[in-house]
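The values are calculated or read from the model by the stated rules, or taken from the named source; none is laboratory data. Just so you know, these numbers come straight off a predicted model, no measurement behind them. Ideal geometry is used to build each Cβ from the backbone, glycine not excepted, and the neighbour counts take in all protein chains shown. Heavy atoms of the whole protein, side chains included, go into the accessibility calculation; ligands, DNA and RNA do not. Shrake-Rupley method; radii C 1.70, N 1.55, O 1.52, S 1.80 Å.
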Amino acid sequence: MADARPILFFDSGVGGLSVLAPTRRLLPQAPIVYAADSAGYPYGTRSEAEIAARVPALLGRLAERYHPRLIVIACNTASTIALPAVRAALDLPVVGTVPAIKPAAEWSRTRVIGVLGTEATVRQPYVDDLATRFAADCRVLRHGSAALVALAEARLRGEETDDHAYRAVLAGLLDQPDGGRIDVIVNACTHFPLVSDRLEAAAGRPIRFVDGGEGIARRTAHLLGDAEWPDSPPPGVAVFTGTDAETESLRAALARFGLTQIKTL
């Protein structure tokens, strides 16, 4: 019998759409709820204590309202800080998002890789642990950028963004000692794959940008491998914790991802 419970994706903003897209390709019949904590956006400049308190409480409310069969925390910052607490609080599968340092190290030839994320993500001990376990023979350079999160959100709203702004973000990595040797950059924020083409153009030389979106989609599909989906899934729902003019300007972009209903938590 078909089960209409949705997959719930969660992020502070619209970055998690970069995880939703590959998941939809693997599970096209799955009902989708995409939740954006717009009232708490951006997470990258908030303290660890704020995020650790906010995310489990919000996901608890969302789980009560939408009864998801699985939650994807499509946010590196929320995952690296709050994932264990969320899993302990909720009695359902929760998939997190972590920086793709392992594949970056596998692909790097120069053994110098960059990690581009939010300020909160790049300073986490979890990132230290990933670098130690999977990139011990690499030099791992990091840079946190709230500006790139804002650029990704602006692009989805249909606003023009300047090439110089992307070059300025990359300079935070490439201008560090040994930055000129970077051949792979980890997009360690789910917003960043939404502007990966602009980053590639701004780099000015061949650099591979990697992220965890496809891997998260495969993990989600694996966990839901026995699910019976509706023949015709309902329209996708986008839920915001606060709405304003900028939220309304995202309607066209959300519709491209199959999210045609907008609601407020």
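The table for this structure:
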read-out: Residue identified as closer than 26 Å to residue 244 by Cα and not in a loop (DSSP other than H, G, I, E, B) among 38, 18; value: 18
read-out: Residues of segment 146-181 classified as outside any helix (DSSP H, G or I), among the charged types (D, E, K, R), over 24 Å from residue 109 (Cβ atoms) and out of contact with any Ser or Thr (no Cβ under 7 Å at 6 or more places or on another chain), total; value: 3
read-out: Residue that is surrounded by fewer than 17 Cβ atoms within 10 Å (Cβ to Cβ) and not aromatic (Phe, Trp, Tyr), where the choices are 211, 178; value: 178
read-out: Subset of segment 99-126 that is β-branched (Val, Ile, Thr) and assigned to a loop (DSSP other than H, G, I, E, B) - its residue that is modelled with the lowest pLDDT; value: 118
read-out: Per-region count, segment 240-261, residues open to solvent by less than 40 Å² (accessible area, probe 1.4 Å) and of a type in the set (Asp, Glu); value: 0
read-out: Any hit, segment 196-204, residues being out of contact with any His (no Cβ under 7 Å at 6 or more places or on another chain) and at pLDDT below 95; value: yes
read-out: Filter result for the condition that a residue is surrounded by fewer than 17 Cβ atoms within 10 Å (Cβ to Cβ) and free of Cβ contacts under 8 Å to residues at least 12 places away in the same chain, over 110, 132; value: 132
read-out: Residue within segment 87-101 that is open to solvent by less than 60 Å² (accessible area, probe 1.4 Å), of a type in the set (Lys, Arg) and within 20 Å of residue 223 (Cβ to Cβ) present; value: no
read-out: Test: residue in segment 143-156 that is free of Cβ contacts under 8 Å to residues at least 12 places away in the same chain and under 16 Å from residue 41 (Cα atoms); value: yes
read-out: Given (1) touching a helix residue (DSSP H, G or I) at 6+ places or on another chain (Cβ under 8 Å); (2) crowded, with 17+ Cβ neighbours inside 10 Å, number of the condition residue 233 does not satisfy; value: (1)
read-out: Tabulated pairs, segment 42-67, first within 20 Å of residue 148 (Cβ to Cβ), second open to solvent by 60 Å² or more (accessible area, probe 1.4 Å) and part of a helix (DSSP H, G or I), C-beta under 9 angstrom, 6+ apart or interchain; value: 43/50; 43/54; 44/119; 45/119; 46/54
read-out: Residues (surrounded by fewer than 24 Cβ atoms within 10 Å (Cβ to Cβ) and either within 24 Å of residue 149 (Cβ to Cβ) or of a type in the set (Lys, Arg) (or both)) located in segment 8-32; value: 21, 22, 24, 25, 32
read-out: Members of segment 182-202 that are among the hydrophobic types (A, V, I, L, M, F, W, C) and either under 19 Å from the mean Cα position of the chain (by Cα) or more than 15 Å from residue 104 (Cβ to Cβ) (or both); value: 184, 185, 186, 188, 189, 192, 194, 195, 199, 201, 202
read-out: Count of residues meeting criterion [open to solvent by 60 Å² or more (accessible area, probe 1.4 Å) and under 16 Å from residue 15 (Cβ atoms)] in segment 160-175; value: 0
read-out: Subset of segment 46-67 that is not in a helix (DSSP H, G or I) and not charged (D, E, K, R) - its residue that is least open to solvent (accessible area, probe 1.4 Å); value: 47
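Let's see how each residue does on (1) in contact with a strand residue (DSSP E or B) (Cβ under 9 Å, 6 or more places away or on another chain); (2) touching a residue at least 12 places away in the same chain (Cβ under 8 Å); (3) under 15 Å from residue 153 (Cα atoms):
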| site | (1), (2), (3) |
| --- | --- |
| 174 | yes, yes, no |
| 177 | yes, no, no |
| 182 | yes, yes, no |
| 212 | yes, yes, no |
| 251 | yes, no, yes |
| 261 | yes, yes, no |
| 264 | yes, yes, no |
